[in-house]
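Take a look at the structure set out below.
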C-alpha cells in the first residue's frame, strides 16, 4: 500500500480498532507522520474487505522491523495473519532483507514462534502492556 492511499487509511483504522482502542489509546499524529518512510502491506478478501495489515520499517544492513500487525477481528483464526506475514517475508527476502525483528505483545508470542521467530531478552512494557523482542533470519533468495 502507498502511504496516504485509501488502502492505507483503511489499514490505519483497522490498526486503531484492533490494537489501540482496546487499550484506551489512539494512534497519534506523530506516529502517522513517521510512517511515511515505512512500507505498508495488506491482505484483502475477494470482495475488497481489509483482512489484515502490517507495517515494515526499513533499517540499515539488510534489516527491518515489523510493526502493528492487525487482523480484522471477525476474520481472526482463519490463517490470514500467517498468510500476510509469510508473503511479506518472501517479498522482503527477495529484496535483500535478511533479518527481521519486532516488539511482540506477549499474547502474540505463540503465533510468531510458529512462524520461526525467536524471543530475545526479557519482557518490557510498551504502550501499557507487556511485549518482548522477537527476531528471525530470512533465507537468502535469488
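Values quoted throughout were computed directly from the atomic coordinates according to the rules given, and no laboratory measurement underlies them. Please read these numbers as outputs of a predicted model, since none were measured by experiment.
Observations, loosely collected:
- Rounded Å value of the spacing that divides the Cα centres of the stretch 58-91 and the stretch 18-36: 18
- Shape parameters for the stretch 6-137, alpha-carbon atoms, Rg then Dmax in Å: 14.2, 42
- DSSP assigns beta bridges within the chain; of those with both partners inside it, close to 85 percent run antiparallel.
- Rg and Dmax over the alpha-carbon atoms of the stretch 58-132 stand at 13.0, 38 Å.
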